[in-house]
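Some notes on the structure that comes next.
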Amino acid sequence: MKTFILILTLSCTLVLISCKINNSKTTSPESTVTVYLNSKSGSSAVGEVKFQQINGLVYMSAKLEGLDPGTHAFHLHEKADCSSDDAKSSGGHWNPTAQPHGKWGSKEGYHRGDVGNFSADETGRGNIEFSTSEWCLTCDDPNKNIVGKAIIVHQGVDDYRTQPTGDAGGRVSCGGIIE
Ligand SMILES: [Cu+2]
Ligand SMILES: [Zn+2]
C-alpha cells in the first residue's frame, strides 16, 4: 500500500511538471524589446513600452506619464531617431504598405504605425494594451518588422482622417525601437 501511494504521488508530480514545461513552451516570447520614451517639444511626457513576440503575434504594453490629461495619439514613425528636440528626426508615420492614414483596421486603409488614440487621466498617466499579427520583431518581412522604427506620443488627438498625419499636433514623447 505504501509503495502504491508513493508511485501515485510520483506520477502526479511528473504530470504537474510536464504540464508546466509545456505551458512555458507555448507562452515564452520569441523576442522581447523594451523601449523608454523621452520627453520632447518641452513636455514632461515619458514612458515605458514593452513589445513581446509570441506565436507570431506582437503584444505591446505601454505605460505613459507626465502627459496633459486628455486624449493623445500614439503612432510608430519611420526611424528610430529621437535626436531632435521636436522628434521630427523620426520622420513621418511608418507606412510600408503605402496606405492612407486612418484608424487601425479601417477598410479605407491605415498605416502600420497607426495605433490610435489613448487617454491620460487627471494625473497625466495612460496605458495602452495592443496586439497584432501585422507586426513582428524577428521576421524578415519589411512590411511587418518594427525594429528600427520610433514610438511617438502626440500632444493632440488623431482625427483618423487628415492626411498623412491625423492632425495630432506636436510630438511630446519619443523612443526608438532598438533590440
Ligand atoms: Cu505620429
Ligand atoms: Zn498614420
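Averaging the inverse of every distinct alpha carbon separation and then flipping it gives the Kirkwood radius. What is it for the range 88-179, in angstrom units?
Details: mean 1/r = 0.0710 Å⁻¹.
Every distinct Cα pair counted, the radius reaches 14.1 Å.
Going down the table (Lys50/Lys149; Lys63/Lys103; Lys79/Lys144; Lys63/Lys107), which pairs top 18 Å between alpha carbons?
Numbers: Lys50/Lys149 14 Å; Lys63/Lys103 21 Å; Lys79/Lys144 14 Å; Lys63/Lys107 29 Å.
The answer is Lys63/Lys103; Lys63/Lys107.
Counting Lys +1, Arg +1, Asp -1, Glu -1, what net charge surrounds Cys136 among other residues with beta carbon under 15 Å of its beta carbon?
Details: positive: Arg112, Lys144, Lys149; negative: Glu30, Glu134, Asp140, Asp141, Glu179.
So the surrounding residues net to -2.
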Problem set entry | Cβ-based charge dipole, the chain, positive-most Cα from Gly166, Phe74, Ala62 | Ala62
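Could you calculate the contour length gain from Thr97 to Asp81, that is, 0.36 nm times the residue separation minus the distance between their Cα atoms, to one decimal place in nm? Can you show the working numbers first?
Working: separation 16, 0.36 × 16 = 5.76 nm, distance 2.10 nm.
So the extension gain works out to 3.7 nm.
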Problem set entry | Dipole of the range 28-179, positive direction: furthest Cα of Ile177, Thr97, His111, with charges on the beta-carbon | Thr97
For this session: Please order Ile146, Ile177 by the number of other Cβ within 10 Å, starting at the fewest.
Result: Ile177, Ile146
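Over all directions, the average projected area of the alpha-carbon convex hull for the chain comes to how many nm²?
Values: hull surface 54.7 nm².
Reported value for the Cα convex hull: 13.7 nm².
Laboratory data are not the source of any read-out in this text; all were calculated from the coordinates shown. Predicted model, so just to flag it, every value in this text is computed and none were measured. Here Cβ is always computed from backbone atoms with ideal geometry, including for glycine, and neighbour counts include all displayed protein chains.
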